[in-house]
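In what follows, a single structure is set out as structure tokens and then discussed.
Each value in this text was obtained by applying a stated rule to the coordinates, not by laboratory testing. Source: prediction; values computed, not measured. Glycine also receives a Cβ, built like all others from the backbone with ideal geometry; neighbour counts cover every protein chain displayed.
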Amino acid sequence: MILVFKMGIFDKVKSAFESSKNFKYLDDLIHSGLNEIVLDDDISLSKNEKNKYSNGIEIEIDNLVIDGNGHAIDAQGNGSIFLCTGKNIVVKNIHFKNGIHSNGGAIENRGELTIMDSTFDGNNASLGGAVFNDGPKLMIAKSTITGNIAKEGGGAIYNNDGEVYISESMINENVSSFHQYSGGAIYNKGELTIEKSTLIRNHASFGGAIGNIGQLNIIDSTISNNESSGDGGAIFNDNASLSISNSMIEANVSDGLEGGGAIYNKEGELNITGSVLKQNELVGQIGKGGAIYNNGGNLNIAGSSLCNHSINFFGGAIYNDGGKINIAESKFNENSSNRNGGAIYNEGEVNIRKSSIKKNKSDGGVIENINGDFKIFNCEFFSNESQGNIIFNQDSLEINYTDFKDNRSKSMLLNDGVKSKMSLVKGEINGNDVKDTLILNEGNSLTISETVFENNLIPNGDAIVNSSNLILTNPKINDDNQEIRNQGNLLLKRSSLDIKGKINGEGKIETDDHSNEDKFDFGYLDSLIHGSPDKEIVLDKDIKLENYEVDFYEGGIELDFDDLIINGNGKTIDARGKSRIFTISGKNITLKHITFKNGHSYKNYDNPLNNNGGAIRINANANLTITDCKFLDNLSEDYGGVIYYNGSGDLVLTASTMKGNTAENDGGAIFSSGEVKINKSKFINNSGNNGGAIAIVNSNDKASVTESIFNENAADSKGGAIWFHNSNIALADCTFNDNYATCGAAIYQEISKGSISNSTFKRNLSSYAYWHDGKLVTNKNHAIFIDTGSGLNDFNQDRDNIINCDFIDNNNNLYAQKHDLIKSRLDEHLALWKRNL
């Protein structure tokens with residue numbers, strides 16, 4: 001009996017040994033020279049191998065396939081499993097478990113690795129509980145990563161610097177803690193794409209599922225039931241790029257002081273398309289943004305739904321803290337706040353278009369605009385409820401072509417605050433139930449144009465109550481016994497006798513002398529642009545800024561959506577010296593066949609975005625194309641008499657004229673730091689400090705000016721026609737006549753390089769001797785001042801060319817350093833100063 005018992009134990013030990021091979025066995029197999037290895041047994045890391053394989057088995061071999069055949073590799077808490085440094089390595093059908101390491105509990109990748117049909121669980125690391133990627137490429141497909149732990153970042157995966165692609169995989173129940181932006185499932189510092197995958201029930205201090213400081217794309221995926229003890233229940237995006245498309249972000253939870261039930265976007269670029277964010281939660285009492293907290297970032301939402309969020313504090317769906325948000329064709333349904341902003345709370349900039357806001361609830365406003373710029377176009381506000389207001393505004397709010405129906409509140413729209421400005425254009429207010437009034441104006445100004453009021457329930461009968469400044473243009477109040485109570489200043493335009501009969505109160509009433517005439521003012525153009533379903537607007541009337549619009553359009557009409565074309569059809573837009581004409585924030589804008597005149601941008605606005613650009617200011621990195629336009633008598637009290645562009649896109653000007661424009665600083669017509677392409681255009685009698693017509697400064701792209709005419713432009717300092725600073729120039733087939741500057745009567749080029757060819761310079765005049773950066777300019781005057789160095793140390797820069805040009809009747813022709821003068825004619829007035837010419 002004793003002998004049999006001992007033999008039984010021996011057999012069991014032998015069987016256990018034979019069924020679990022060690023790391024030395026696997027290491028030898030990997031380095032056996034085979035291109036594909038198929039495991040026939042489980043592998044385990046024993047304690048006596050711990051010292052040798054604490055970092056895992058190094059796979060430095062290229063073009064290797066390891067097929068686990070369903071078997072497990074168990075590190076048993078003694079070390080990591082693989083260190084991959086080779087290229088084109090594939091591991092598949094393997095169960096990786098119980099690995100432990102500082103970087104990647106199971107795998108650290110420094111090469112090119114593909115993981116397929118595998119499982120990771122029970123692994124532990126400081127960074128990347130299961131996998132740490134520091135290689136150029138990592139792909140994970142059809143795999144499950146569950147129950148792994150990272151102390152600092154990336155409970156499952158840490159992507160330090162590389163491209164990671166995850167598809168058709170499940171990443172669940174991983175944990176990361178004790179580190180800001182940690183990412184319960186993934187921490188990304190490189191480029192990460194997640195497609196057709198699920199991230200569920202992960203936990204972290206920040207970013208329950210993902211912490212991102214790199215570039216992240218999420219496609220056709222689900223991120224749900226993740227938790228963060230800090231901000232960002234699902235994702236924390238820190239000054240990074242995040243794109244989400246056709247995905248579900250659901251039931252994630254944040255317990256952070258700031259919030260973001262689903263996403264916390266800190267100064268990042270966040271794009272959401274065709275996705276659903278729903279039932280995300282904030283469990284704290286002061287967290288904000290049930291779905292998204294946008295902290296100083298750019299947020300774009302299109303074709304998406306944000307619904308069924310319920311929070312205690314501000315912003316049932318979105319809280320915007322100093323950022324910019326564009327929303328198109330999206331739904332905000334059944335969100336709620338026990339305080340303010342049942343759907344959106346804004347302290348930045350929001351543009352929302354063709355979207356529906358339905359069945360949201362709040363104690364304050366369903367939309368709360370406290371300290372920002374909010375624009376609403378072609379939207380629906382249906383069946384919302386508030387103890388206060390459907391919309392509460394304390395700053396700048398535009399509502400165009402928007403319907404309000406079946407809402408219940410104390411008052412529907414409240415404009416309140418010393419700087420608050422609200423406009424309501426061509427809307428419909430129908431079937432709402434309010435306790436006090438539909439619209440209450442206690443702010444700076446309110447404009448209501450061509451809006452219909454009907455079937456509303458108002459106990460006291462006050463449809464509109466005004467205690468400040470109100471402009472009414474042809475409103476229609478179709479309900480009997482409903483009135484306008486005016487305790488302030490009221491201007492009536494194109495209003496019927498019926499409306500006049502509905503006005504009561506002790507305020508002042510003024511009727512426009514031309515109230516029965518159609519006014520084609522900036523409000524008309526604004527409505528035409530933002531109310532049309534078409535991408536191309538064709539003008540059939542001249543447009544003029546009226547006095548009553550000046551405060552509202554002090555920065556011009558904003559062109560804030562992409563791919564817009566405005567065809568002026570030969571018509572004029574006249575700002576009458578009172579405001580800029582357009583502010584451009586959309587991309588790929590085209591302006592053609594328009595005359596822009598008398599634009600005026602003032603200096604030192606409280607809002608710096610209103611400074612610069614007498615006719616047009618471009619705020620974003622957009623592309624603006626201008627064809628066959630005229631710009632006449634525009635003025636900037638700072639930079640860019642016509643156009644100011646401090647971006648990195650393209651400005652294309654073709655067959656256009658800029659005449660009589662002025663900048664009190666640089667760029668009499670144009671000031672730009674982007675790529676400029678000018679062709680077949682005329683610049684006549686413009687003036688500025690540097691660059692009488694054009695100033696191009698710190699542009700990374702080459703400026704191209706071809707077949708253009710510069711006549712009678714003037715600069716107080718440098719470059720009567722053009723001033724280039726730290727930029728590149730390609731100028732060809734141009735004419736410069738009768739331009740003036742203190743130095744560089746036609747062109748002043750400094751710290752720049754390029755070429756000037758096939759051009760003519762006549763009668764350009766500059767005034768006196770000039771010292772610059774330690775180099776003495778002679779006491780002669782110069783038609784072109786070209787300075788490729790900021791000091792003597794820069795004299796070894798590349799040579800620039802002046803080819804086939806004529807210099808005639810200038811009071812001096814050329815000052816140049818390190819330039820080649822080729823096939824060019826300088827007349828008898830030449831007094832040439834040269835160095836290395």
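Structure notes:
- Highest average packing first - 333-340, 719-726, 143-150, Cβ atoms within 10 Å: 719-726, 143-150, 333-340
- Full extension of the segment from Glu428 to Asp363, taken as 0.36 nm per residue of separation minus the current Cα-Cα distance, would add 21.0 nm.
- Computed lengthening from Leu457 to Glu329, 0.36 nm per intervening residue step minus Cα-Cα distance: 43.1 nm
- Using the Cβ-Cβ distance between Asn758 and Tyr165 with R0 set to 51 Å, the FRET efficiency from 1/(1 + (r/R0)^6) comes to roughly 0.50.
- Estimated inter-spin distance, Asn22 and Asp406, nm [label 7 Å along Cα→Cβ]: 7.4 nm
- Annotation: Cα Rg of the range 216-313 relative to the compact-globule expectation 2.2 N^0.38 Å equals 0.93.
- Separation of the Ile286 and Val538 label points, Cα + 7 Å toward Cβ, nm: 5.8 nm
- Whichever lysines have a C-alpha closer than 19 Å to that of Lys266, once near sequence neighbours (fewer than 8 apart) are set aside: Lys189, Lys288, Lys324
- The range 206-387: mean projected area of Cα convex hull, nm²: 7.8 nm²
- Potential lengthening between Arg576 and Asp498 on full extension [0.36 nm per residue; Cα-Cα distance subtracted]: 24.7 nm
- Computed Rg/Rh of the range 459-515, alpha carbon atoms with Kirkwood Rh: 0.94
- Overall Cα dimensions of the range 298-385 - principal axes, largest extent first, Å: 26, 24, 16
- Other residues whose C-beta falls under 10 angstrom from the C-beta of Val276 contribute a net charge of +1, scoring Lys and Arg +1 and Asp and Glu -1.
- Near Lys24: Cβ cut-off under 13 Å, other residues only, Lys/Arg at +1 and Asp/Glu at -1. The net charge is 0.
- Computed from the alpha carbon positions, the gyration tensor of the range 630-670 leads to an equivalent ellipsoid with semi-axes of 16, 15, 5 Å, biggest first.
- Whichever aspartates and glutamates have a C-alpha closer than 17 Å to that of Lys151, once near sequence neighbours (fewer than 8 apart) are set aside: Glu108, Asp121, Glu173, Glu227
- The range 587-717 gives an Rg/Rh value of 0.93, both radii derived from C-alpha positions and Rh following Kirkwood.
- Within-10-Å neighbourhood charge of Asn478 [Cβ basis; K, R +1; D, E -1]: -3
- Of all lysines in the structure, those lying under 17 Å Cα to Cα from Lys702, and not within fewer than 8 positions of it along the same chain, are Lys677, Lys753.
- Phi-derived couplings, Karplus 6.51 cos²θ - 1.76 cosθ + 1.60 at θ = phi - 60°, listed residue by residue for the range 226-231: 8, 10, 10, 7, x, 8 Hz, with x used for Gly and Pro.
- Put a dot 7 Å past the Cα of Asp220, heading toward its Cβ, do the same for Asn489, and the two dots end up 6.0 nm apart.
- Those residues of the range 572-592 whose amide nitrogen sits under 15 Å from the label point placed on Ala655, 7 Å along Cα→Cβ: 591-592
- Alpha-carbon centroids, the range 542-595 and the range 357-421: separation in whole Å: 26 Å
- Dividing the convex hull volume of the alpha-carbon atoms in the range 1-180 by its residue count gives 123 Å³ per residue.
- The range 604-679: C-alpha gyration tensor shape, a/c 1.5 cut-off, then a/b vs b/c: oblate
- The calculated FRET efficiency for the pair Asp716 and Lys603, based on their C-beta separation and a Förster distance of 25 Å, comes to about 0.90.
- With Cα atoms as the point set, the radius of gyration and Dmax of the range 92-226 evaluate to 12.3, 34 Å.
- For Cα Rg over 2.2 N^0.38 Å, calculated from these coordinates, the label among [x] 1.07; [y] 1.20; [z] 1.70: [y]
- Using all pairs of distinct alpha-carbon atoms, the Kirkwood hydrodynamic radius of the range 518-688 works out to 15.3 angstrom.
- Cβ crowding within 10 Å averaged over residues, with 473-485, 32-44 ranked highest first: 473-485, 32-44
- Paramagnetic label reach from Asn300 (point 7 Å along Cα→Cβ; backbone nitrogen cut-off under 14 Å): within the range 540-574, residues 560-564.
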